[in-house]
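Accompanying notes for the structure given below.
The values are calculated or read from the model by the stated rules, or taken from the named source; none is laboratory data. Model, not experiment: these values are computed from the prediction. Note: ideal-geometry Cβ built from the backbone for every residue, glycine included; neighbour counts use all protein chains shown. SASA here: full protein model, heavy atoms, side chains in, ligands and nucleic acids out. Shrake-Rupley method; radii C 1.70, N 1.55, O 1.52, S 1.80 Å.
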Amino acid sequence: MANKDAPPRWDRKMQQRLARGEAAALGELYDRFASLVHGLAHRVLGDERAADGVTREVFAHVWEHPDSYDPRQGPLRSWVAALTHRLAVQRLRATESAALALDGSGSTEELENKVRHASVAARADYIVQSMPTPLRAALELAYFQRRDYRQTAADLGVTEDEARRRLRLGLQLLSTAHDAAAPGAPPGRYGGAA
């Protein structure tokens, strides 16, 4: 039986390869996580060029500081996502603070609300992308295609009870996106909302 506390083999090997300075490892990591990183950064920032910049920053940080990832703390994917979130929120705060200083409209409270909303949206995107395919498929049918649970069951070829179970579990997972970004919420393994 596998030890639940042991990090996945790929994560450990990747961290070791990065620590040795293997450029091919960075390429593999980029191929695997670039769309996740860019998508999360874009969700927080709402700007393609800014998301490109954060994507570069994330992979530069990983290359320069591979030992900052601890495989015992969780999956490499979660660490990369948390790093992306942190850097995107820092950029959003800096950009919005500069805009506040220039035009004088808005407030620090509005800025924090914007950051909080962007964090919830980015976390929800990450949760949906990380969901097992059966849950994600049920949610996509129900919410993007506006199918009820009976239609969802028929489309997926499962029982109505199974479709309801998948929708309920998917929604429970999504509800954690808001909880984690709420003020005073405990941070996740690699830091929750910034």
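For the reader, a short list of remarks on this structure follows.
- For region 1-82, the list of trypsin sites (Lys or Arg not before Pro) that fall in a loop by DSSP and count at most 13 other C-beta atoms within 10 angstrom reads Lys4, Arg20.
- Amide N proximity, region 70-100 versus Arg12 label position 7 Å along Cα-to-Cβ, cut-off under 14 Å: 70-76
- Gyration tensor verdict on region 8-106 (Cα atoms; rounded if a/c is under 1.5, prolate if a/b is larger than b/c, oblate otherwise): prolate
- Extended-chain gain in nm, criterion 0.36 nm per residue less alpha-carbon gap, Ala23 and Glu110: 27.1 nm
- The residue list Leu87, Val58, Leu29 was ranked by how far each Cα lies along the charge dipole of region 8-106 toward its positive end, using unit charges on Cβ atoms, and Leu29 comes out on top.
- Between Ser68 and Thr133, the FRET efficiency estimated from the beta carbon spacing at R0 = 41 angstrom works out to 0.85.
- Entry comment: accessible area of region 8-106 is 53 Å² per residue, from protein heavy atoms only and a probe of 1.4 Å.
- Put a plus charge on the Cβ of each Lys and Arg, a minus charge on the Cβ of each Asp and Glu, and nothing anywhere else: the dipole of region 8-106 about its Cα centre is then about 440 debye.
- Relative contact order [Cα under 8 Å, 6+ residues apart], region 8-106, whole percent: 34 percent
- Portion, in percent, of the accessible area of region 8-106 that falls on carbon or sulfur, probe 1.4 Å: 50 percent
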